[in-house]
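Asker: Below is the structure I would like to discuss, written out as structure tokens.
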Amino acid sequence: MKNNSLRLTVGFTLVELMVVVSIIGILSAAVYAGFGDSRKIARDNVRKTDLKDLQVALALYKAQNGSYPPKGCSAPTAWVGPGTESAPWATECDDYIPGLVPDYITVLPRDPNQEDVDTRGYFYQSNGKDYKVMSYLTVEMNNATGTNNDFVRCADMSSCSGGSNQLKTYAVYSAGAAQW
């Protein structure tokens, strides 16, 4: 005689599956949000590294040539860079610091995230005697605050022409270009 009272059911109910999927979704969202900030910090670190590399390349260039390189692409405005074009920035210039590649640096850097955004990205200015290179309005997490920051846009933030934009800007420069 068969006993029908001991039937085992194999599988999950719809409610159990929905609970598991919901838990996985919540955990995924939390992990993704954490990685989002990590990516922003990593891009800020890339910007700092790029600027330090350019600073070393410019110092080597000046040591060999007696002056800093001119702005690239015969830029009529003060600043030149590889990003999108917008006044007063002369941009869309891949060779924004001519003479550095390949002898002093392998490639001129571009912003890792925002070079295609109007008036954001790397910009260079030089008069031969002094220079400034900025990662302009691209800082995502680690703002350049206080004059003790190696990448602050101006040595004296109270008199800098950058205004509130200087917090979102990293820069390296020679002493004479501190207030540009």
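Asker: Only residues that are within 20 Å of the chain's Cα centre (by Cα), in a loop (DSSP other than H, G, I, E, B), at pLDDT 85 or above and surrounded by fewer than 22 Cβ atoms within 10 Å (Cβ to Cβ): list them for region 151-180, please.
Answerer: Scanning region 151-180 gives a single hit, PHE151.
Asker: Would you point out which residue out of TYR122, TYR104 is in contact with a Gly (Cβ under 6 Å, 6 or more places away or on another chain) and modelled with pLDDT of 90 or more?
Answerer: On the way: TYR104 fails: in contact with a Gly (Cβ under 6 Å, 6 or more places away or on another chain).
Within the list TYR122, TYR104, the selection yields TYR122.
Asker: While we're here: With the structure loaded, tell me whether VAL21 is open to solvent by 70 Å² or more (accessible area, probe 1.4 Å) and not polar (S, T, N, Q) or whether it fails that test.
Answerer: On the way: open to solvent by 70 Å² or more (accessible area, probe 1.4 Å): yes; not polar (S, T, N, Q): yes.
Yes, satisfied.
Asker: Right, something else. Identify the single condition in (1) at pLDDT 85 or above; (2) part of a loop (DSSP other than H, G, I, E, B); (3) not basic (Lys, Arg) that VAL133 does not satisfy, given that it satisfies every other one.
Answerer: Every listed condition holds for VAL133 apart from (2).
Asker: Answer yes or no: is there a residue in region 74-81 that is in a helix (DSSP H, G or I) and farther than 25 Å from ASN165 by Cα.
Answerer: The answer is yes; a qualifying residue exists.
Asker: Taking region 84-101 as the region of interest, how many residues are within 14 Å of VAL133 (Cα to Cα), at pLDDT 75 or above and either within 19 Å of the chain's Cα centre (by Cα) or open to solvent by 40 Å² or more (accessible area, probe 1.4 Å) (or both)?
Answerer: 3
The values are calculated or read from the model by the stated rules, or taken from the named source; none is laboratory data. What you see is a predicted model; the values in this text were computed from it and never measured. All Cβ positions, glycine included, derive from the backbone under ideal geometry; neighbour counts span all protein chains shown. With ligands, DNA and RNA removed, areas are computed over all heavy atoms of the protein, side chains included. Shrake-Rupley method; radii C 1.70, N 1.55, O 1.52, S 1.80 Å.
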